[in-house]
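Just below is one structure, and these are the notes that go with it.
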Amino acid sequence: MQNVIYHRDILNQSGMDMLSLCKGQLEKAKESFVNHDSDLAEEVIRTETRVNALDLKIEKDCEKFIALYTPVAIDLRFVIALLKINSELERIADHAYSISKYVIDIDTVIPPHLLKAVQFDTMFETVMNMLDHVTEAYENKNVKIARKVFKKDRILDDLNIKSFTVLEEEIKKDNGIIAESLILFSVVKKLERVGDLIKNIAEDIIFYIDAEVLKHQKKK
Amino acid sequence: MNNLQKNRLIDAAFKMVGMLCTLLGILILVILLYNIIRVGYTRVNWDFISSLPSRKPEEAGIYTAIIGTLDLMLLTIIFAIPIGIGAGLYLEEYAKKSRLSTLLEINIANLAGVPSIIYGLLGLGIFVRFFGFGGSILSGALTLSLLILPIIIVATREAIKAVPPSLKEASFALGASKWQTLQKVVLPSSSGGIVTGIILSLSRAIGETAPLIVVGAMAYVPFVPHSLFDTFSVLPMQIFTWTTRPQAGFAIAAGAAIIILLGITFLMNGIAVYLRNKWQNKLQ
Amino acid sequence: MAKQIAITMETIIEQSLPMDEIVDKSLKKTHTIEVNGAKVWYGDFMAIKGIDMMIKPNTVTSFIGPSGCGKSTFLRLFNRMNDYVDGFRMEGKIKVNGRNIYKDKVHVEELRKEIGMVFQKPNPFPKSIFENVAYGLKIQGIKDKKLINDRVEKALRQADLWEDVKDNLKKSALALSGGQQQRLCIARTLAVEPSIILMDEPTSALDPISTSKIEDLIFELKEKYTIVIVTHNMQQASRISDYTAFFYLGNLIEFDKTKNIFTNPKQQQTENYITGRFG
């Protein structure tokens, strides 16, 4: 059974790799957006190919693992969870990519007071916290930590809803920042989606470890 | 030379040696047979078989001896086979495995090797004297039965042991009782081995002389025995007696008798082998 | 409270029914096995350390576990095949179709008409195909030739062997291939019309195609019979059984619906075994 355990560990590690890769993409995307750093944005764009390659590799390795080793119980749940987590991470990286594309394609600097108004830093910090939680939960097979993201996601949802009115106000105050506001609004939405995706990842981890299915449930 | 060549050489050498030994054995047998036939064939005719023994070699026949041998074989078969198979069956299938049964197993195997003259003495004491059957065909048959019993028992046990336990399991699992299993599965499967044991033991019995002398077979019985309690003679005895006589005619007679005896033995074995094959094929 | 009533009723029923009568035909088709506190010793060695189990009718239950865990011993309790092993001793209650089968008055021959067994290595008798399948019937003293012929054909059809052999039933059973021989052994068992069939690793000596045919057969048989199968092959257990029991060192570690055992077992030992972490 050593062969199986070896391949299981490789899969596990590739999950970790994907997590850290996507985290890096998000961080860089934020920095490039806030500072309008197009060099950093370029980096994110280039790294996207690595993300896609890892995504494909993980999918293929999962398929191979199922075919060759007919996993059951926790092993099976792990592979199913990994497939889903992988796909969710790929979409998170996609959002990071889109944010970076804004920086390159649209040569507009977002005024800092706008960022402050929507509490962009807080939002982003929340997202990164959530990502750290699921990373730790994944690495240490800790369900408790995974559950922490649900509460945090509500903060994110809250700020997201508020951002509409906040930006509306700002536009009323100053007509010239419509373009910047629209871009910011779009990025805020993306952050909210990333939050949702991380929540899904947490559900997948809880399924894998505890065999508890939290999908589509109202209260968590 | 290297190992491979050495091994090949040893292989070939062994094969040669084996062949030579076999040829030697066959050669000796052929020489024996040839000599016997050369000596006795002139006298092998119906007359010889149907004449009573006499003091004159030309008139001496083996009628009594043949009747004695055939009667003896028949009786021995009747006594020894059922008891032998029954005992073998019981010991192998019913008796509990214990120190006592192991002891029994060893002793029965030993009995097969006891010199036949001892059986003769046993027969003398029990059948001739104690039961008072006298030096009769009955005593002779019973003695011979004792003699071959161990062989049949051991052969039966070995044949039964060779039946795969999986067959017995299958029978039990279908709801068969122990006796049904023995009757329908074990005995048919082991019949080959049992019959072989019977062949071997009868072949031995037919040639026994010493125990029969002790029990009272006569060398000169000029009449045909009519009842079980009559005095009797057998072919080996007759042969033995004739070879001790000085007249040349008796030597020829002895040779002829040996040919007849061999003939009977081969016939008996032949029938048994035929029966065994027939039963084996019925199973396949 | 309800449990107390049940136990009292059970005692009353047991005491009022005379145990030495022939199996009540009406009980025959409930085909369940109920085990309470079964313990088995071979001499001083305790092979089964106390097991409770309930096997439902018309289900396939598989017994899995590492070598020497007691699953075959436990299986053989149901048709009392352990009786032939030196030093065998058991305690506890085993009820087959409602009757305690270790009570003195039960005849094993009667019991084995209710419960058939198929073994790991195909073991047809060195007789003809017909004689093999008819064996169980002739043992019972059935002489009616037409009945025997009908039952033999029915059994061979059920075992999916009829088409292969119908042209020459007198052929020796030993001339069949391994997979066919095993199906013959199954037909032999079916001819007796038991209600429960026990199988001790029935396909471990067969090639994948024969194995697959027999697994299909088991699936069909489930409609009419209750089947308990010991297997070393976990994929087989997961493919064909409704319930799975995991044994380890003489104990029953877990007994549950197969789908639960293989997606989310309750005991860590079970999970370790089925994921190959040991075993």
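The values are calculated or read from the model by the stated rules, or taken from the named source; none is laboratory data. These numbers come from a predicted model, not from an experiment. Cβ sites come from the backbone with ideal geometry, for glycine too, and all protein chains shown count toward neighbours.
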Residues that are over 21 Å from A:Ala179 (Cα atoms) and more than 15 Å from the chain's Cα centre (by Cα): list the helices (runs of 4 or more DSSP H) wholly contained in segment A:33-149 that include at least 3 such residues. A:38-69, A:73-105, A:120-140
Does B:Gly207 count as closer than 30 Å to B:Gln280 by Cβ and either touching a Cys at 6+ places or on another chain (Cβ under 8 Å) or in the same structural domain as B:Ile108 (by TED's automatic domain parsing) (or both)? yes
Single residue of segment A:104-134 satisfying the filter (modelled with pLDDT of 90 or more and polar (S, T, N, Q)) that is surrounded by the fewest Cβ atoms within 10 Å (Cβ to Cβ): A:Thr122
So which residues in segment B:251-274 are surrounded by 12 or more Cβ atoms within 10 Å (Cβ to Cβ) and under 16 Å from the mean Cα position of the chain (by Cα), if there are any at all? B:Leu261, B:Leu262, B:Ile264, B:Thr265, B:Met268, B:Asn269, B:Ala272, B:Val273
Hits in segment B:175-191 - residues which are more than 7 Å from chain C (Cβ to nearest Cβ) and under 27 Å from the mean Cα position of the chain (by Cα): B:Leu182, B:Gln183, B:Val186, B:Leu187, B:Pro188, B:Ser190, B:Ser191
Suppose we filter segment C:166-179 for residues that are surrounded by fewer than 20 Cβ atoms within 10 Å (Cβ to Cβ), in a helix (DSSP H, G or I) and free of Cβ contacts under 8 Å to residues at least 40 places away in the same chain; how many remain? 1
Selected residue (only one of B:Ser136, B:Ser50, B:Ser116, B:Ser54 is under 18 Å from the mean Cα position of the chain (by Cα) and hydroxyl-bearing (Ser, Thr, Tyr)): B:Ser116
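Quick grid of which residues meet (1) under 30 Å from B:Ala256 (Cβ atoms); (2) modelled with pLDDT of 85 or more; (3) polar (S, T, N, Q):
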{"site": "B:Asn3", "(1), (2), (3)": "no, yes, yes"}
{"site": "B:Ala13", "(1), (2), (3)": "no, yes, no"}
{"site": "B:Leu33", "(1), (2), (3)": "yes, yes, no"}
{"site": "B:Arg38", "(1), (2), (3)": "yes, yes, no"}
{"site": "B:Trp46", "(1), (2), (3)": "yes, no, no"}
{"site": "B:Ile49", "(1), (2), (3)": "yes, no, no"}
From the set of residues in segment C:238-279 that are among the basic types (Lys, Arg) and more than 8 Å from every other protein chain (Cβ to nearest Cβ), which is surrounded by the fewest Cβ atoms within 10 Å (Cβ to Cβ)? C:Lys266
What is the one condition in (1) more than 20 Å from the chain's Cα centre (by Cα); (2) within 30 Å of B:Gly113 (Cβ to Cβ); (3) among the small types (Gly, Ala, Ser); (4) exposed (fewer than 15 other Cβ atoms within 10 Å of the Cβ) that B:Ser227 does not satisfy? (2)
Of (1) more than 24 Å from B:Asn110 (Cβ to Cβ); (2) at pLDDT 90 or above; (3) not β-branched (Val, Ile, Thr), B:Gly135 satisfies every one except (2)
Any residue at all in segment C:206-218 that's away from chain A (no Cβ under 12 Å), at pLDDT 95 or above, in contact with a helix residue (DSSP H, G or I) (Cβ under 9 Å, 6 or more places away or on another chain) and on the phi < 0 side of the Ramachandran plot? no
Check C:Pro194, C:Pro202 and return the single one that is outside any helix (DSSP H, G or I), touching a residue at least 12 places away in the same chain (Cβ under 8 Å) and at the interface with another protein chain (Cβ under 10 Å from one of its Cβ atoms). C:Pro194
Looking only at residues in segment C:89-106 that are in contact with a Ser or Thr (Cβ under 9 Å, 6 or more places away or on another chain) and on the phi < 0 side of the Ramachandran plot, which one is farthest from the other protein chains (Cβ to nearest Cβ)? C:Lys95
Filtering segment B:53-86 down to residues that are among the polar types (S, T, N, Q), at pLDDT below 85 and either in a helix (DSSP H, G or I) or closer than 18 Å to B:Leu228 by Cβ (or both) yields B:Thr64
Could you check, for segment C:107-120, whether at least one of its residues is over 19 Å from the mean Cα position of the chain (by Cα), at the interface with another protein chain (Cβ under 9 Å from one of its Cβ atoms), part of a loop (DSSP other than H, G, I, E, B) and closer than 27 Å to C:Glu223 by Cα? no
Tell me, yes or no, whether segment C:262-279 has at least one residue that is aromatic (Phe, Trp, Tyr) and in a loop (DSSP other than H, G, I, E, B). yes
Just to verify a result, which residue in segment B:105-119, among those that are part of a helix (DSSP H, G or I) and of a type outside the set (S, T, N, Q), is surrounded by the fewest Cβ atoms within 10 Å (Cβ to Cβ)? B:Ile106
Sole exception among (1) within 21 Å of C:Ile115 (Cα to Cα); (2) within 12 Å of chain B (Cβ to nearest Cβ) for C:Ile148, by number: (2)
List, please: which pairs have Cβ atoms under 6 Å, are six or more places apart or on different chains, and start with a residue in segment C:268-279 that is closer than 18 Å to C:Phe255 by Cβ and end with one that is at pLDDT below 85? C:Asn272/C:Phe278; C:Tyr273/C:Gly279
Out of everything in segment A:38-84 that is closer than 16 Å to A:Lys101 by Cα and acidic (Asp, Glu), what residue ends up being nearest to the other protein chains (Cβ to nearest Cβ)? A:Glu48
Of the residues that sit in segment C:121-161 and are over 23 Å from the mean Cα position of the chain (by Cα) and assigned to a loop (DSSP other than H, G, I, E, B), which one is surrounded by the fewest Cβ atoms within 10 Å (Cβ to Cβ)? C:Gly141
Taking B:Ala170, is it crowded, with 17+ Cβ neighbours inside 10 Å and closer than 30 Å to C:Val118 by Cβ? yes
Where A:Lys28 falls short, out of the listed (1) closer than 21 Å to C:Asn272 by Cβ; (2) modelled with pLDDT of 95 or more; (3) touching an Asp or Glu at 6+ places or on another chain (Cβ under 7 Å); (4) not acidic (Asp, Glu): (1)
Looking at B:Leu138, B:Leu187, B:Leu122 in this structure, which one is among the hydrophobic types (A, V, I, L, M, F, W, C), surrounded by fewer than 20 Cβ atoms within 10 Å (Cβ to Cβ), in a helix (DSSP H, G or I) and in contact with a Leu (Cβ under 7 Å, 6 or more places away or on another chain)? B:Leu122
Between residues in segment A:118-130 that are within 21 Å of A:Ile201 (Cβ to Cβ) and residues that are aliphatic (A, V, I, L, M), which pairs lie under 6 Å by C-beta distance while being six or more apart or on different chains? A:Met123/A:Leu159; A:Met123/A:Leu191; A:Thr126/A:Ile155; A:Thr126/A:Leu156; A:Val127/A:Leu191; A:Val127/A:Val194; A:Met130/A:Val149; A:Met130/A:Ile198
Can A:Asp153 be described as surrounded by fewer than 19 Cβ atoms within 10 Å (Cβ to Cβ), on the phi < 0 side of the Ramachandran plot, in a helix (DSSP H, G or I) and touching a Gly at 6+ places or on another chain (Cβ under 9 Å)? no
